[in-house]
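Below is one structure; the comments refer to it alone.
The values are calculated or read from the model by the stated rules, or taken from the named source; none is laboratory data. Just so you know, these numbers come straight off a predicted model, no measurement behind them. Every residue, glycine among them, receives a Cβ derived from its backbone with ideal geometry; neighbour counts consider all protein chains shown. Quick note on the areas: whole protein, heavy atoms, side chains included, nothing else; ligands and nucleic acids left out. Shrake-Rupley method; radii C 1.70, N 1.55, O 1.52, S 1.80 Å.
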Amino acid sequence: MFTVPDFAHLQQWIIRSTEDDVRRALDREHVDIHDLAALLSPRAEKYLPQMAARSSRITLQRFGHVTQLYAPLYLSNLCVNRCAYCGFSAGNRIPRRTLTLNEAEQEAMILHERGFQHILLVTGEAPKAAGVDYLEELALRLRDRFAALSIEVQPLEQAEYERLFRAGVTAVAVYQETYDRAIYQQVHLAGRKCDYDYRLDTPARAAAAGMREIGIGSLLGLADWRAEGLALALHLQWLRKQFWRTSFAISFPRLRPAAGEFQPLAPVSEKNLSQLIFALRLFDHNVGLLLSTREEERFRNGMIGLGPTRYSAGSCTAPGGYSQPDIEGEQFSVGDHRNLAEVSDALIAKGFDPVYKDWDKEFQVFNLESLSS
Amino acid sequence: MLTIAGTQFSSRLFVGTGKFASSREMKEAVEASGSQMVTVALRRVDLNNPHDDIMQALDRTKIHFLPNTSGARNAEEAIRLAKLARVASGTNWLKLEVTPDPRTLLPDPVDTLKATEQLVKDGFIVLPYINADPILALRLQDAGAAAVMPLGSPIGTNQGIMTAMQVEIIIQQARVPVVVDAGIGAPSHAARAMEMGADAVLVNTAIAVAGDPVRMAGAFRAAVEAGREAYEAGLGKPSKQASASSPEEGMLTPDLDFIQD
Amino acid sequence: MNITCNGEQRAVEKNSSLNDLVISLELNPQALVAEVNGKIVEQPKFTEQMLQDGDRVELIRFVGGG
Ligand code: SF4
């Protein structure tokens, strides 16, 4: 099992980096974990343009002038957990709802008509309302209409992931939120999610089940983002060694100060976020990097081609929000309100081809025996 | 320290015992190399010349025997040799070689994988000799190989690490130790493999046929130590740029003014 | 009676054991492993292993190798 080094140790590691370490890291063909520590350090800040240049070149070389687009589909905002930072947290007074299978299918068809071929099914953590049976049934209904079905739901057991994989789910996103154990305990107030280690082990269970892609990430704004970046990279490195057949992606959800919402404990600026994205791209040339609609249009446009490979678009974070645009009960407020066509146009204007899928499930062969441990 | 299948080795140089002029010379060379792991082959006793006995020459309390399956042309032959080797040596350790082409002695990936799967089931600690194919290395690792031994260049060619790009990928990806085998013709080749991050190298011909094998063994020992030390110290990679603070070649630094805070 | 040892025909006395054969060849049994008709025989069993007319014996040991 993967274990995270002590956060203070990670911070020390980063802080000790010198400007020479940063320059050396920028010169390297393969940025290793020590180089990454330097690139995440405050000393690297003034090299942000150089980091962007390298990140951009690597991303172009590996992914070409192509950006993938996807949309989240919120199925349920019920949640049995209490997470201090989340709009769905059990204590919050919001209108709660779980879409029926028919409603969910309807929402999906709206996205389908808008041109999406990759959707991300999202729920809170309420296994009774939206459990494996529900997800399996929905996946079976949707699998033929979409090229890729990802899920971002409560952590499951390997056998459950296997069931969903057979039903057509191709990817699993499960974010540790923070790798800092102390802060993790502090913001996870009640519910199963309080178990740090079970959550940490979840990407491995999903990968072992044969999922094509695993998404990991930290909720930026909870703990020191530099150490968070290093912990993420260590997790990624470990996962890659265990599951060489699996693709990996990293998300960068960032908490922003907003009236009436949870205030970030350790605010992360756009500049910080950029440094983190560039550094991770230098560290891992193949990892998918996601930039969601939490970020604003200006920032998302600026980042095109510099590192991220996948954007969400036209997102609504409340269940039923695509058929009823004014619905309440969102998870977080969106920073980029453009629809799919507008995001596509922005990509095209920058010379990038918006793609709606990168794999067809029809090609999938379900041979679990040949998978790595 | 290098650990393979739970056994620790303080030396990262493995030495092959073939092609020496005499057992005595081999023994002295192995000693000078500091190696704790030597490969040996199984052969029919030559009834006309029965007195050359390698088991007696080496002190097995200090040196691990790694029997190989050299000569095997397919999985079945390799498995047969492996079983004989286990009985003869009293060790489960095995360097698996399956070489159907007698000209190049390049290893057969398909039968190597097949034999590895079987031998692991039979309780062997298998170190397969392979072409520098990263996916094969991973498949073997998944099949339970204790290490992988990619070749630097075809055996006996002394060309060094011609497969560097592939070997680098193997080193980057593998969970098991990577021992670069074959093609290492000079201490500088061994140092290069170690600088790249290989866990160990296996050298035979270059020592055995040197003018003074014992001194050459010492030279390899020093090269392997130096290469490992350099790897651990963090080697600066050669760069086309004069300095990272200058913009990338052929590319302007992007405009980052869109970033607001 | 006749056996084949390492590919060569050899005459051995009736009621010979594998060990007798090894000694007659002036080999050190400690360093050997044998196959009789394709079956592995470990060194401690050499004395028990009686030879029959027509047996195919392989005597194998380690040599230098890379
Ligand atoms: S973060 Fe997830 S588990 Fe926590 S309250 Fe929100 S939906 Fe529930």
Based on DSSP, what percent of beta bridges with both residues in the protein assembly as shown are antiparallel, to the nearest 5? 30 percent
What net charge do the residues around A:G191 carry, taking every other residue with its C-beta under 14 Å from that of A:G191, with Lys and Arg at +1 and Asp and Glu at -1? +2
Only bridges whose two residues both fall in chain B count here: according to DSSP, what percent of them are antiparallel, nearest 5? 10 percent
Could you tell me, in Å, what Rg and Dmax come out for the Cα atoms of region A:79-186? 14.9, 45
Heavy-atom accessible area order for B:R12, A:R97, largest first, 1.4 Å probe: A:R97, B:R12
Could you go through region A:332-345 in sequence order and give the Karplus-derived ³J(HN,Hα) for each residue, using 6.51 cos²θ - 1.76 cosθ + 1.60 with θ = phi - 60°, rounded to whole Hz, and x for Gly and Pro? 8, 8, 7, x, 10, 9, 5, 8, 4, 4, 5, 5, 4, 4
Which far-off residues, 5 or more places away or on another chain, put their amide H under 5 Å from the one on A:T178, with H placed in the peptide plane? A:L219
Cα Rg, Dmax, chain A, angstrom units: 19.5, 59
Putting +1 on Lys and Arg Cβ atoms and -1 on Asp and Glu Cβ atoms, find which of C:N15, B:P213, A:S312 reaches farthest to the positive end of the dipole of the protein assembly as shown. B:P213
Looking only at other chains, what is the average number of their beta-carbon atoms within 10 angstrom of each beta-carbon in A:21-29? 4
Region C:2-61, Cα convex hull volume normalised per residue, Å³: 70 Å³
Compactness summary of chain B: radius of gyration and Dmax from Cα atoms, Å, are 20.5, 86
So if I place +1 on the C-beta of Lys and Arg and -1 on the C-beta of Asp and Glu, and nothing else carries charge, what would the dipole magnitude of chain B be about its Cα centre? I want it in debye, nearest 20. 1060 debye
Considering only protein heavy atoms, with the full assembly of protein chains and a 1.4 angstrom probe, order A:K193, B:K83, A:K350 by accessible area, largest first. A:K350, B:K83, A:K193
Nearest 5 is fine: what % of DSSP beta bridges in chain A come out antiparallel, could you say? 10 percent
List the cysteines in chain A whose Cβ has no other cysteine Cβ under 4.7 Å from it. A:C79, A:C194, A:C316
For the protein assembly as shown, whose charge dipole is built from +1 on Lys and Arg Cβ atoms and -1 on Asp and Glu Cβ atoms, the candidate among C:G38, A:A208, A:T98 with its Cα farthest towards the positive end is C:G38
Quick one: among C:L32, C:L18, C:L51, which has the greatest mean-square fluctuation in a GNM of chain C with alpha-carbon springs under 10 angstrom? C:L32
On the principal axes of its Cα set, how long, how wide and how thick is the protein assembly as shown? Give whole Å, largest value first. 102, 57, 43
Per the helix-only calculation at 222 nm, which mean residue ellipticity applies to the protein assembly as shown, given -39500 (n - 2.57) for every DSSP H run of n ≥ 4 and division by its residues, nearest 500 deg cm²/dmol? -10500 deg cm²/dmol
Reach of B:K83 by Cα under 15 Å, taken over aspartates and glutamates that are not fewer than 8 positions away in the same chain: B:E97, B:E117, B:D122, C:E35, C:E42, C:E58
Mind pulling the angle between the C-alpha long axis of helix A:158-167 and the longest principal axis of chain A? Nearest 10 degrees, somewhere in 0 to 90. 60 degrees
So if I place +1 on the C-beta of Lys and Arg and -1 on the C-beta of Asp and Glu, and nothing else carries charge, what would the dipole magnitude of chain A be about its Cα centre? I want it in debye, nearest 20. 480 debye
Quick one: dipole size for region A:1-50, taken about the Cα centre, charges +1 on Lys/Arg Cβ and -1 on Asp/Glu Cβ, in debye to the nearest 20. 120 debye
Alpha carbon centroid spacing (whole Å) that separates region A:59-75 from region B:101-162: 38 Å
Checked against the positive end of the charge dipole of region B:2-233 (+1 on Cβ of Lys and Arg, -1 on Cβ of Asp and Glu, about the Cα centre), the farthest of B:L136, B:F65, B:G34 is B:F65
Measuring from centroid to centroid over Cα atoms, what is the spacing of region A:153-219 and region A:240-295 in Å? 16 Å
